[in-house]
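See structure below.
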Amino acid sequence: MSTVYALLFIVATIVLVLGLARKIVQYAKTPAPLKIPTTPAPVTQAGVVLRMFREVVFFESLFKSTKWTWIFSWMFHMGLFVVLARHVRYFVDPVPLPIALIQPFGIYAGFAMVAGLGGLFLRRIFVDRVRYISAPSDYLMLLLLIFIGFSGLMMKFLVHTDVVMVKQFFGGLFTLSGGELPMDFALIMHLTLVVVLMIILPFSKLLHIPGIFFSPSRNQVDNPREKRHLAPWAKKLEES
Amino acid sequence: MAKAKFETPELSEFVDVPNIEEGAMSHSTCFVAKPEHQEPLNFPGERVEDWHDKAIEKMGDLLSRYRSFRVYLDSCVKCGSCTDKCHYFLGTNDPKNMPVGRQDLLRKVYRRYFTFAGKYFPKLVGAADLTEEVLDDWYSYFHQCSQCRRCSVFCPYGIDTAEISMAAREILASVGIGQKYCNEIIAKVYKIGNNLGLPGPALANTLEGLEEDVYDEDGVAVKYPLDVKGADILLVTPSADFFAEPHVDGLIGYGKVFHEAGVSWTLSTTASEAANFGMFIGSYENMRRISLRIREAALELGVKRIVFGECGHAWRVAYSFLNTLAGPFDFLDPDYPVPQHICEFTWNEIQQGTLELDKSENDEMTLTFHDSCNVARATRMGDTPGGQFDIPRNVIKAVCNNYHDMEWDTIHERTFCCGGGGGLLTDDLMEIRVKGALPRMTALQNVMNEKGVTHMAAICAICKSQFTKVLPYYGMDMYQIVSVHQLVSNAIVLNRKTPPEEAPGYGEDDGD
């Protein structure tokens with residue numbers, strides 16, 4: 001059983017990395033022929049970095065839009081971020097100091113994450129506009145994340161999992177030396193769902209993760225008068 | 001089709017976010033382009049036999065050429081942030097007029113043909129085949145979008161429905177289903193030189209008439225020159241400025257500003273149109289071809305600078321795209337940005353003190369300013385971000401005593417479209433135009449009630465035409481919409497007097 005999970009994780013990692021890399025290369029290679037930043041936009045590259053930072057870390061545009069969606073999704077994403085950081089300790093030894101320091105916060109973050117996801121789920125059901133635009137996959141994606149968070153919290157508060165054993169398993173995975181996974185229901189559910197998430201990420205709307213960085217309305221400098229912008233295919237029009 | 005009866009929404013103090021009403025605007029459509037409108041633009045004259053395959057092929061082509069299109073189709077998480085931001089949704093309750101609802105009409109087809117999930121699990125991810133019904137929906141709803149970009153302000157990924165809408169229209173035109181209004185106009189630009197089909201002699205005649213009018217009124221011979229070689233400035237302005245009201249009052253204003261600034265300027269018959277409807281139909285090639293006329297005119301006349309008149313989407317094409325489409329402009333004076341907006345020009349002159357302005361001339365009006373969507377969210381004026389909001393207001397405040405802004409969430413980057421932009425300014429789309437104006441009309445009525453505003457100024461030919469038509473539907477007066485340079489024109493004191501021999505008609509009446 002542990003071998004099956006070892007293989008699953010290897011496959012999921014390969015799918016995730018190659019799948020994402022493929023999309024990133026595709027985005028990077030597709031030209032943006034026109035300057036279309038949503039203005040007012042920064043007039044320098046440094047300004048663009050700052051705008052992107054505010055967008056990625058604080059969800060600036062969403063904040064401007066609707067406070068409920070903002071608070072739920074920010075709780076979820078920041079919770080997930082801290083939780084992921086907290087998980088680093090299961091994969092590296094010795095545990096770096098910052099990771100050790102955030103351990104207690106990771107617990108709160110786990111709750112925040114699940115609460116945020118719950119809010120987003122309710123909103124999807126109860127706001128008629130959002131219900132209208134939701135496909136089954138939109139609900140399932142939230143449920144998947146909710147169950148990942150829930151099973152994770154279960155291991156902490158309900159049925160303790162042998163974390164040392166888990167760490168040995170993943171350590172073994174890196175060195176391909178093998179290791180045994182404790183066969184707890186919560187852990188198996190947690191890991192299975194994480195594998196599913198990793199595999200669907202490059203084929204789903206989770207492509208918003210690389211997508212934001214390639215969004216021309218957010219990543220372009222507002223300087224079209226000063227600097228001529230020309231896509232390769234547009235250049236060919238001039239030569240013909 | 002165009003005659004469909006509809007009810008004008010009632011104005012109240014707030015625009016409530018409505019409950020969705022599926023299919024509320026599915027009947028809306030506009031005339032399809034005829035072969036003579038399609039072919040000059042290099043589109044097939046009629047719907048092609050294999051439209052299905054051709055449309056998918058075109059979508060693939062656009063996906064490989066436009067990063068925006070590809071990234072935006074992939075990235076949407078259906079968070080709902082944009083759902084209550086579109087004026088057409090707020091005015092019609094139709095969920096396909098929510099930005100994401102509109103995008104999904106295209107996205108579901110993209111997923112079906114171009115993504116793994118959509119190919120193998122279409123139901124799960126909301127993917128759908130391209131059918132006749134989907135095609136009809138595209139034609140209807142992508143002509144209920146004014147490409148105003150308000151949704152892109154609020155999208156956490158900056159997804160811009162305008163980009164999707166442009167792509168959809170390009171796909172439609174490329175399988176032979178173009179929109180008559182836009183394509184007929186573009187064909188006219190190619191044939192005659194401007195949207196209104198005004199030939200050179202008529203233009204010269206109109207401008208002479210303006211010179212006489214100004215001379216009669218002010219006793220000063222302000223020139224409205226056409227095709228003057230060696231002039232410093234080429235003015236490119238929307239052709240509506242040549243005779244439509246209140247547009248022409250703006251043109252009169254530009255001329256007076258140039259006159260008082262003491263610069264030489266000219267209009268051009270080659271580039272007698274600032275508008276570029278190539279943008280509305282999403283066609284880079286057509287947009288480029290239209291833009292190249294301006295380069296040609298600038299070279300032909302040997303000017304040093306290019307200035308654009310009051311027009312929203314034209315300023316977007318000019319500010320954001322002109323350098324790309326028709327540049328480089330290294331043959332122009334490097335001391336000035338290329339191109340410049342007339343408001344930038346006027347504001348510079350005001351700051352330098354070259355203009356004497358009598359604000360009291362506008363005292364019978366209390367003004368507010370409508371930020372035109374393309375100017376607000378797709379361009380800039382001046383050196384600092386947000387100059388596109390400040391400079392026109394600065395100009396207005398320099399020529400008027402009474403000014404009040406509308407509510408904060410309806411101006412600047414959050415401005416609401418007039419309802420007629422993006423190629424919808426046609427009578428066959430009257431219903432969507434009227435309903436889409438609801439949020440702007442609400443904000444205008446509020447500022448009228450609370451601050452006693454009487455007039456609304458704008459710097460866009462489409463906004464001006466749209467409001468002229470739509471204001472009466474909401475019980476307001478069509479003359480409440482004014483040009484910014486009309487206000488300048490009222491206030492400017494003409495100090496550069498005319499030598500008698502330069503007066504219009506001098507020497508013609510020698511018989512007396």
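The values are calculated or read from the model by the stated rules, or taken from the named source; none is laboratory data. Bear in mind that the values here come from a model prediction, so they are computed numbers and not experimental data. When we count neighbours, we look across all protein chains shown, and the Cβ atoms used for this are built from the backbone with ideal geometry, even at glycine.
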Practice prompt. Give me a count of the residues in the range B:109-152 that are in a loop (DSSP other than H, G, I, E, B), touching a residue at least 12 places away in the same chain (Cβ under 8 Å) and either not hydrophobic (A, V, I, L, M, F, W, C) or not assigned by TED's automatic domain parsing to the domain that holds B:Glu163 (or both).
Written response: 8
Practice prompt. Name the one entry in B:Lys397, B:Lys464, B:Lys435 that is out of contact with any helix residue (DSSP H, G or I) (no Cβ under 8 Å at 6 or more places or on another chain) and either assigned to a helix (DSSP H, G or I) or not charged (D, E, K, R) (or both).
Written response: B:Lys397
Practice prompt. Among the residues of the range B:153-172, count how many are within 8 Å of chain A (Cβ to nearest Cβ) and either aromatic (Phe, Trp, Tyr) or assigned to a helix (DSSP H, G or I) (or both).
Written response: 4
Practice prompt. Restricting attention to the range B:417-432, report how many residues are of a type in the set (A, V, I, L, M, F, W, C) and not in a helix (DSSP H, G or I).
Written response: 4
Discussion item. Pairs needed: first member in the range A:119-143, at the interface with chain B (Cβ under 10 Å from one of its Cβ atoms) and exposed (fewer than 14 other Cβ atoms within 10 Å of the Cβ); second member anywhere, assigned to a helix (DSSP H, G or I) and not acidic (Asp, Glu); C-beta distance under 6 Å; at least 6 residues apart or different chains.
Written reply: A:Pro136/B:Leu124
Worksheet item: Can you tell which of A:Glu180, A:Glu239 is surrounded by fewer than 18 Cβ atoms within 10 Å (Cβ to Cβ), in contact (Cβ under 8 Å) with a residue 40 or more places away in the chain and more than 9 Å from chain B (Cβ to nearest Cβ)?
Response: A:Glu180
Worksheet item: Does the range B:14-36 contain any residue that is more than 10 Å from every other protein chain (Cβ to nearest Cβ), surrounded by fewer than 20 Cβ atoms within 10 Å (Cβ to Cβ) and modelled with pLDDT under 95?
Response: yes
Practice prompt. Check B:Leu73 against each of (1) more than 22 Å from the chain's Cα centre (by Cα); (2) facing chain A (nearest Cβ under 7 Å); (3) closer than 13 Å to B:Gly158 by Cα and name the one condition it does not meet.
Written response: (2)
Item to complete: Please enumerate the residues belonging to the range B:368-386 that are more than 8 Å from chain A (Cβ to nearest Cβ) and part of a helix (DSSP H, G or I).
Response: B:Cys373, B:Asn374, B:Val375
Worksheet item: B:Ile396: in contact (Cβ under 8 Å) with a residue 40 or more places away in the chain and over 18 Å from the mean Cα position of the chain (by Cα), yes or no?
Response: yes
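Residues are listed down the side, and each one gets a yes or a no for (1) over 27 Å from the mean Cα position of the chain (by Cα); (2) of a type outside the set (S, T, N, Q); (3) in the same structural domain as B:Tyr157 (by TED's automatic domain parsing):
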residue	(1), (2), (3)
B:Glu10	no, yes, no
B:Met25	no, yes, no
B:Ser28	no, no, no
B:Phe43	no, yes, yes
B:Met59	no, yes, yes
B:Val77	yes, yes, yes
B:His87	no, yes, yes
Fill in: Pairs with Cβ under 8 Å, 6+ apart, first in the range A:192-219 and in contact (Cβ under 8 Å) with a residue 12 or more places away in the chain, second among the polar types (S, T, N, Q) and outside any helix (DSSP H, G or I)
A:Phe203/B:Thr115; A:Ser217/A:Thr38; A:Arg218/A:Thr38
Worksheet entry | Test: residue in the range B:312-331 that is farther than 17 Å from A:Arg228 by Cβ, out of contact with any strand residue (DSSP E or B) (no Cβ under 8 Å at 6 or more places or on another chain) and free of Cβ contacts under 8 Å to residues at least 24 places away in the same chain | no
Worksheet item: What number goes with the only condition from (1) in contact with a His (Cβ under 7 Å, 6 or more places away or on another chain); (2) within 14 Å of another protein chain (Cβ to nearest Cβ) that A:Ile148 does not pass?
Response: (2)
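This table checks each residue for (1) at pLDDT 95 or above; (2) within 12 Å of chain B (Cβ to nearest Cβ); (3) buried (at least 16 other Cβ atoms within 10 Å of the Cβ).
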residue: A:Leu7; (1), (2), (3): no, no, no
residue: A:Val11; (1), (2), (3): yes, no, no
residue: A:Ile24; (1), (2), (3): yes, yes, yes
residue: A:Tyr27; (1), (2), (3): yes, yes, yes
residue: A:Lys35; (1), (2), (3): yes, yes, yes
residue: A:Thr38; (1), (2), (3): yes, yes, yes
residue: A:Met52; (1), (2), (3): yes, yes, yes
residue: A:Lys64; (1), (2), (3): yes, yes, yes
residue: A:Thr69; (1), (2), (3): yes, yes, yes
Item to complete: Go over the candidates B:Ser68, B:Ser81 one by one and state the one that is in contact (Cβ under 8 Å) with a residue 60 or more places away in the chain, of a type outside the set (Phe, Trp, Tyr), facing another protein chain (nearest Cβ under 8 Å) and in a helix (DSSP H, G or I).
Response: B:Ser68
